[in-house]
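See below for the structure under consideration.
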Amino acid sequence: MTYRCVFPALLLGLFVCTCAPSPSENRGVEVGKQDVPPNILFILTDDQGVGDLSLHGNDSIRTPNMDALLTSGAQFSRFYVSPVCAPTRASFLSGLYSPRTGAVFVTRRRETMDDGIMTIPEYLKHAGYRTGLFGKWHNGSTKPYDPNGQGFDQFLGFTLGHFNDYFNGELENEDNEVVPFNGDLTTILTDTAAHFMLADQDQPFFCMLTYQAPHTPVQVADKYWNPVKSRGLTDYNTGVYAMIESVDDHIGKLLDQLEAAGKLDNTIVIFSTDNGPNGDRYRMGLKGTKGSVNEGGVRVPFGIRFPNGHPANGRQFHTPAAHIDLVPTLLDIVGLPQPPGGLDGKSLMPLLEPDSSRVFDQNRPIYAFKQGYDFTGYPGSVRNSHRLVVMNSPDDFEAYEIHKDEGQRTNIMASDADFLKGVQGHAREMAAEYNRFAATIARPDLIAPPINLDAAQFRPVHLQAHEGEPLGETHFMDEYGWSNDFFVDLDWNGAYWPVEITQDRTYRVTIHYHAEKNIRLGIQMDSLQQDLKFIELPKAITPQLSVADRVKRKEVYPRQWATAIVEDFTVRAGASELHIFGGYDNDTETGLWIKEVTLQ
């Protein structure tokens, strides 16, 4: 189904499936019905830390459905991801550490995963799966880097780092078409995923349900807010816990639907979160929050529940595992070979199957890298089953006996005790190995790729401000240009988007703007005067939209942007930059804000 407009409990439109891959001849690990490949549901929440579950000793939150899902499957007590969301998602999808994929940051196209990287849905299509993603993507906004370009047949959600309003807005489908919605985003994503999975089709499905909650802005319905508010928490933590409880409730209802339809009998259900908590709250005594390479920033809940009484169900595993292990595990399950170039991750199936003759290295190193506009490798961390080494720089590191000091209270490198000399020597070896690994993993050639106009073909291309580069006095509303941000005081120097194109294309251009006065806007390619077009933008003081925030947000607020059209704008083959500029030579505070330039 191609989703074109969404209301609560109502989905409209048509979907045309163009993918019909041949089933794999490999048998794989038997976890579902005999000779029938298992369905796969992967649920991922956003900014939910390891302590944000009642299962993990938090008496301020109620998560019965997440708890039951984790305890009824193979539950990992030491599962690791990246410190922030886009790198984590790239690793889950690829089986590679994120610097190898180009996804090293969370905005300005530095969250983009290279389209040459094979992803879970691309692999599974070779085994006959239909694929759908519902929710947050955050690994590239334009083709070929968007969900459809990276293997998902169906998509309804958003490609940005966060969505600006949980109750109103515009989602996007697999054809990059805008899909207005009015309702609860968590409900809409759950219902759309259910619709996809319950479709009467012969192919097995891979469904990735990626909730935004509890990522800010803090917005949640009264039915979830009110019970949590009575527990005496801050408004921020009340909102975060209420958002998690909303997701928990929706997960429970979704699994009930699948069970009633007989789907769970042959469905693997995977649950995880993408990084540590987005705030200083209960996290089982672990050090660090979202953005940190310490345990609290990268250790998250994770579990796989198999159908048909698999022996791993109901067991807890203390062997360290990571996001990079999901791809090789799923390839193992469905009987697809590991890729010739190899993956960073390892299949968990030898660990999960007690009768397996294969050996799983339970003491391998697992790495985490600090996010940054440019990848440097520092700070970073590496851990194995016994030890954690935190790298502040190539020559400065801390070490902890993590198997008995999970809270990182005692840095063993600061001790002069003789009995620790051997342990300290091993920590130095781990630090040296980290330095060697960090020096080889970066792929600067993949970071922040230009926007490929050829790949879009007939579909719209949304050139969002935070994916462009401001020049002169032009700047973002926020210093860094996070998702949803916009250019402020677009001046004569203007801003640009890097692009690539191999044939001339003519577009109808829509400018999404705010202007405090009548002002001229110019648009051109590569500073070429022959491609220059001007448009007179009428004054448009755009209103900030009302929002249902429970606490003051850090993100920019949504606005009702004005629009203006430029007809017949030609982008010539070989062009590398699309420029916009406003006002005149001496204008510095133009009052012209640009949210997006849409090419169609």
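Couple of notes before you dig in:
- Within straight-line cross-link reach of Lys346, lysines at Cα separation under 23 Å, skipping those fewer than 8 residues along the same chain: Lys125, Lys370
- The range 125-258 - percent relative contact order, Cα under 8 Å, separation 6 or more: 24
- With the simple model of a label 7 Å out from the Cα in the direction of the Cβ, Asn226 to Ala432 spans 6.4 nm.
- Nearest 10 degrees, 0 to 90: helix 235-260 Cα axis against the chain principal axis: 70
- Pairwise label distance in nanometres, Arg553 with Arg520, each label 7 Å out on the Cα-Cβ vector: 3.6
- Taking 25 °C and 0.890 mPa s as conditions, the range 451-599 diffuses translationally at an estimated 156 µm²/s according to Stokes-Einstein applied to its Kirkwood radius (Cα pairs).
- Taking Cα centre as origin and charging only the Cβ of basic (Lys, Arg, +1) and acidic (Asp, Glu, -1) residues, the dipole magnitude of the chain rounds to 1140 debye.
- A dipole drawn for the chain from +1 and -1 charges on Cβ atoms has a positive end, and of Ile441, Ala564, Ile251 the residue lying farthest that way is Ile251.
- Computed P(r) (all Cα pairs; the chain; 20 Å bins; percent): 20, 53, 25, 2
- Between 0 and 90 degrees, the angle of helix 185-198 with respect to the longest Cα principal axis of the chain falls at about 70 degrees.
- Contact order for the range 60-356, expressed relative to its length and based on alpha carbon pairs under 8 Å spaced 6+ residues apart, stands at 27 percent.
- Per residue, the convex hull around the alpha carbon atoms of the range 60-356 comes to 131 Å³.
- Accessible surface, the chain, averaged per residue in Å² (probe 1.4 Å): 37
- Ellipticity estimate at 222 nm from DSSP helix runs (n ≥ 4, -39,500 (n - 2.57)) divided over the chain, nearest 500: -5500 deg cm²/dmol
- At 1.306 mPa s and 10 °C, Stokes diffusion of the range 265-357 via Kirkwood alpha-carbon radius, µm² per second: 105
- Nearest 10 degrees, 0 to 90: helix 421-441 Cα axis against the chain principal axis: 30
- Heavy-atom surface analysis with a 1.4 Å probe gives the chain a carbon and sulfur content of 49 percent of its accessible area.
- Column: log10 I(q)/I(0), Debye, Cα scatterers of the range 334-378, q = 0.17, 0.32, 0.34 Å⁻¹: -0.72, -1.21, -1.23
- Length-normalised contact order for the chain - Cα pairs under 8 Å, 6+ apart - percent: 17
- Rounded to the nearest 20 debye, the dipole size of the range 455-598 about its Cα centre is 660 debye, using +1 on the Cβ of Lys and Arg and -1 on the Cβ of Asp and Glu.
The values are calculated or read from the model by the stated rules, or taken from the named source; none is laboratory data. A quick note: this is a predicted structure, and the numbers were derived from the prediction, not measured. Quick reminder, even Gly has a Cβ in these numbers, built from the backbone with ideal geometry, and neighbours come from all protein chains shown. Heads up: the accessible areas ignore ligands, DNA and RNA and are worked out on the full protein's heavy atoms, side chains in. Shrake-Rupley method; radii C 1.70, N 1.55, O 1.52, S 1.80 Å.
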